[in-house]
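Have a look at the structure below, then the notes.
The values are calculated or read from the model by the stated rules, or taken from the named source; none is laboratory data. These figures come from a predicted structure and were not determined experimentally. In this analysis, Cβ positions are derived from the backbone assuming ideal geometry, glycine residues included, and neighbour counts consider all displayed protein chains. The protein model used for the area step is the full one, side chains on, heavy atoms only, and it has no ligands, DNA or RNA in it. Shrake-Rupley method; radii C 1.70, N 1.55, O 1.52, S 1.80 Å.
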Amino acid sequence: MNALVNFSKIFKFNGGVHPPENKTQSTQLPIAQLPLPEKIVLPLRQHVGNIPKIKVNVGDKVLKGQLLAEAEGAVSAAIHATTSGAISAIEDAIIPHPSGLPDRCITIKPDGKDKWIEKKPQDWKSADRKNLVASLRLSGIVGLGGATFPTHIKLLANEKSGVHTLIINAAECEPYITCDDMLMRERADEIVKGIAIAQHLLGAERVLIGIEDNKPEAAASMRVAVSATNITSMQVVVVPTLYPSGDARRLVHLVLGTEIPFDKRSTEVGLQVFNVATVLALYRYFEFGEPSLSRIVSMTGNVNKPQNFEVLFGTPLPHLVAAAGGAKVATTHFIMGGPMMGFDLPSDKVPITKATNCIIAASINLFAPPPAAMPCIRCARCADACPVDLQPQELYWFAKADNFEKANDYKLFDCIECGACSYVCPSNIPLVQYYRYAKSEIIAIDKAHEAADLARERNDFRLARIEREKLERAQKHAERAQAAKTASESLKKDATGLEHSSASLKANIHVDGGNAQNNDDEAQKLAKQAAIAAAIERAKAAKAVAGGAQKNVVNTDENIKKEIAEIDARRQAVGLETNIAKPAIDAGKQAKIAAAIERAKAAKAMAEAAKQNGKEGS
Amino acid sequence: MNRSPYISDAPSVSTMMLKVLLALVPGIIAYIWVFGGGILVTLALATATALAAEAVMLKLRKRPVQPFLTDYSAVITAWLLALAIPPLAPWWLIVVGTLFAIVVAKQLYGGLGYNPFNPAMIGYAVLLISFPAIMTKWPAALQLAQTQLSFADQLHYIFSGLLPQSVQIDAVTSATPLDYLKTQLTLKHDAASIMQAPIFGALGAKGGEYVTIAYLLGGLYLWQQKIIGWHLPTAFLAVLALISGVFWLADSAHFASPIFHLFGGASILCAFFIITDPVSGPTTPKGKLWFAAGVAIITYLIRVYGGYPDGVAFAVIFMNICVPLIDAHTQPRVFGHEK
């Protein structure tokens, strides 16, 4: 236990819970390599951000590490072939996502040779940092703690802000999950090399590696690795085991005492947070030229041989379950992630993705269905447990009553959905589900307002156009009448003034008509301009009135609006838009909640993305 | 589908309520020792009335009966009311009080979790206003009574209002210390000499103080079990001690000592069992301090200047009204936000 003596001060956050760890089951055996599966199914969306652009066709032969889809837009990540073989399909398939909706996937039929492309290691110590970060766009590396935010963006952010401290998230606070623990025990050297690369790329002065004190082996092994490098600016900080210490903002507070303001990214206060597995991927990429192809997955719960496996992305779940000795009889379904924040997999055939840190075979014995919810008795145990110092009991009332304005006032969007409140609730109220519901409703309302604004704007333009066209028509009418009048007057003159020569008469008509035309043009232009200006004024006034009314409905502050706008942009980009089902009005609240979950989950991931330092290594 | 967390570790509402009942047991034992077994009859009547009223109301409101009967919250209301009213009161008194507490103060407001007022205190206040004579007529502690009533006698008296032929009513009742102090002070007696009367004990009321100490033990058990927090009891007792201490130090001839205020009347029961009702109380830590302080101040003012000997019930009801206001203005700072 000497390795656990802590020399740095720990700054505890309020709240937190101590769920049973259940980690020892999957740490009895070392990390095992999973043999090649019979097929690889790679969802295009394994990260937060835009769907990458497919660069291959069905039938193409691909090599291990070959780029299959390239990052598109600012926030996106590339997808690579995780083994050599042939592209057998590009189609929609069920992906590991709580929505249960199918999404575009590339299927590879492995040829069994596992043949690599030509690897291009980079000399990261001497190469230009900018170029190195730019090349990361091709690496497919995303935050492997579960947030799956593209890593090159997190390194880019530094260009403006100047990160002075890098925090390595190795807290791994969720029960059951041991992938980071085992990785640190077995590959601490590589991790530390990866940390050095991240530190170099960020230009960070120091590095703090936060590990919960329930992982003494990992902490010891990391300490040895750190001291072997002679990098004095790197330090292992053992933090007390308390869920959710692995949440990035909580971990930053634990090791530095810094509260990242709710509306700021960590980089804005000179901090960046990376998960241990992510920095290891950085090391593999720069040192060996290997893109992100695999990760460690804890396969645990109701299986015969719980263990951690190095799994190629796209490996179908049954292959992993079989490697862990198969699921025991009472297994009901599989959970991805931990028991506090994980979700039910929509199918037991889904592929393993970059976000899959843990798969738990669930059974009634492990996770008994909760008893029926009782009314809230306002005991405020949830408030005591909340690591964000929210008042979950108030948020619950507001969410239940669809009082979204109040929910916003009580900082609903600061909720990290860690589940600590539900965990301690004597009334068994599914609090987090209420919050997910309220968040998604608020986002939907805001979206509806934006759509209404847009429609109103369009309508105003349409009305202005109609008015303008009307004026133009009237003007043309007047023109024609004027021209006819002039012509007839001239004809009269022509008929009575026989002394005028025909040549001068022609000129006269021409000049008169021309002058009349010119004068009319001036008047017309002025009238038209006045009419358009008036129409625009009216449109502006109408919009101002509407804008004022809108504010009274939901008074979201600017940051949330901005966040929602970003989320919307991305949602549209990934084609999620069409999947939003407005809950039926006559449906019960539970049904509404269920319908909202898909949106909420996406919203949550996106919201974290917007903060750019999402929870790594829960 | 996302329905995490899949695990929980919380005592159920039933468990929490049962622990509260358990914490009252030492007080009840002391009560029996001091005032006789009649309280058991009152407790039984109150419990039966509360459960029956709750069941009928749940049926009428088309709510499931079983889960709400077994949350035991109605039993707590019943017990608190039974312990608060005079022990030898006629049987219908506790029945009427419990009915009002459960039917009006609790179920008509929506049942468990929705009642803005502490049901037991509403029941008590209704009885005190409606039947002031009975509600202020306490039996003397057994050690002080000229004639001791047997359990059978008490039972008989509760149901028929008749005492054994040889016993006069004055022989078994006495003024409560708070009541006695108040009336004697209006007669311009000195507080110190008033408190020489035999009904005063070392801390509060003779006999009654043992019950109070037993309540204190039960309350500490609840705190140790994390059923209640420290904020409410500490703030209540501290503020009550402070305000009574200031008055006492300024003019000890007319004001009783802080010790008497803490251990006399219903102070301890209030601190650990009444203001700790989560449903009708505030939820924020700061709010709990304000709430308890408010109850302490109002209790003291009613005791000293009001028309009733003890002021706990009215103080609690008044502060219940203030709870939404208190909660709204005592929101803790959220992580990452400016104050």
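Summary of computed values
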| item | result |
| --- | --- |
| At q = 0.08, 0.10, 0.16, 0.17 Å⁻¹, base-10 log of I(q)/I(0) for the range A:19-290 (Debye sum, equal scatterers on each alpha carbon) | -0.34, -0.54, -1.34, -1.45 |
| Given charges at beta-carbon only (K, R positive; D, E negative), |dipole| of the range B:141-212 in Debye | 120 debye |
| GluC sites (Glu not before Pro) lying in DSSP loop within the range A:1-75, provided at most 14 other Cβ fall within 10 Å | A:GLU38 |
| Dipole of chain B, positive end: most advanced residue of B:PHE200, B:TYR6, B:PHE117 [Cβ charges, Cα centre] | B:TYR6 |
| Taking N as its residue count, the alpha carbon Rg of the range B:235-339 over 2.2 N^0.38 Å | 1.16 |
| Label-to-label distance, nm, for residues given as B:LYS188 and A:ALA127 (7 Å Cα→Cβ offset) | 10.2 nm |
| Average other protein chain Cβ within 10 Å of Cβ, residues A:247-254 | 1 |
| Shielding of B:227-237 by partner chains, average beta-carbon count, 10 Å | 1 |
| For the range A:1-77 versus the range B:105-126, the gap between their alpha-carbon centres in whole angstrom | 53 Å |
| Within a Gaussian network of chain B (alpha carbon springs, distance under 10 Å), most fluctuating of B:LYS288, B:LYS19, B:LYS106 | B:LYS19 |
| GluC sites (Glu not before Pro) lying in DSSP loop within the range A:190-253, provided at most 14 other Cβ fall within 10 Å | A:GLU205 |
| Dipole magnitude (debye, nearest 20) for the range A:79-184, charges at Cβ of Lys, Arg, Asp, Glu | 540 debye |
| Estimated FRET transfer efficiency when R0 is 45 angstrom, pair A:LYS305-A:HIS200 (beta carbons, to 0.05) | 0.70 |
| Extension gain, B:GLN224 back to B:ILE259 (0.36 nm per residue minus Cα-Cα distance, nm) | 10.2 nm |
| Alpha-carbon Rg/Rh ratio, for the protein assembly as shown, with Rh computed the Kirkwood way | 1.15 |
| Pairwise FRET efficiency - A:ILE231 versus A:ALA372, Cβ, R0 = 45 Å, nearest 0.05 | 0.25 |
| B:VAL65 versus B:CYS322: modelled label distance in nm, points set 7 Å from Cα along the beta carbon direction | 4.1 nm |
| Ranking by accessible area, most exposed first, for A:ASP446, B:ASP179 with a 1.4 Å probe | B:ASP179, A:ASP446 |
| Peptide A:262-268, shielding by other chains (average Cβ, 10 Å cutoff) | 1 |
| Mean-position separation - Cα centroids, the range A:218-289 and the range B:30-101, in angstrom | 58 Å |
| By average C-beta atoms within 10 angstrom, highest first, the peptides B:84-90, A:239-245, A:169-175 | A:169-175, A:239-245, B:84-90 |
| Helix-derived mean residue ellipticity, 222 nm - over the protein assembly as shown, DSSP H n ≥ 4, -39500 (n - 2.57), to 500 | -15500 deg cm²/dmol |
| Inter-centroid distance (Cα atoms) of the range B:162-214 relative to the range A:132-205, Å | 74 Å |
| Most mobile of B:LEU155, B:LEU163, B:LEU178 in a GNM of chain B (Cα contacts under 10 Å) | B:LEU163 |
| Summed buried accessible area for A+B [probe radius 1.4 Å, Å², rounded to 100] | 4000 Å² |
| Listed peptides A:269-278, B:247-256 by packing density, highest first (mean Cβ within 10 Å) | A:269-278, B:247-256 |
| Area of B:SER174 that stays accessible when all protein chains are in place (1.4 Å probe, Å², to 10) | 40 Å² |
| Sulfur and carbon atoms: percent of accessible area, the protein assembly as shown [1.4 Å] | 60 percent |
| Of A:LYS53/A:LYS154; B:LYS62/B:LYS288; A:LYS328/A:LYS349, those spanning more than 27 Å from alpha-carbon to alpha-carbon | B:LYS62/B:LYS288 |
| Projected label distance in nm at B:ASP251 and A:ASP402, using a 7 Å step from Cα toward the beta-carbon | 5.9 nm |
| Over the range A:167-264, volume per residue of the alpha carbon convex hull, in Å³ | 99 Å³ |
| FRET efficiency estimate (nearest 0.05) - Cβ-Cβ, A:GLN28 to A:LYS119, R0 30 angstrom | 0.30 |
| Label zone at B:LEU108 (point 7 Å along Cα-to-Cβ), backbone N below 16 Å, the range B:67-92 | none |
| Rounded to the nearest 10 Å², the accessible area of B:TYR305 at probe 1.4 Å | 140 Å² |
| Rel. contact order, % - alpha carbon contacts under 8 angstrom, at least six apart, chain B | 18 percent |
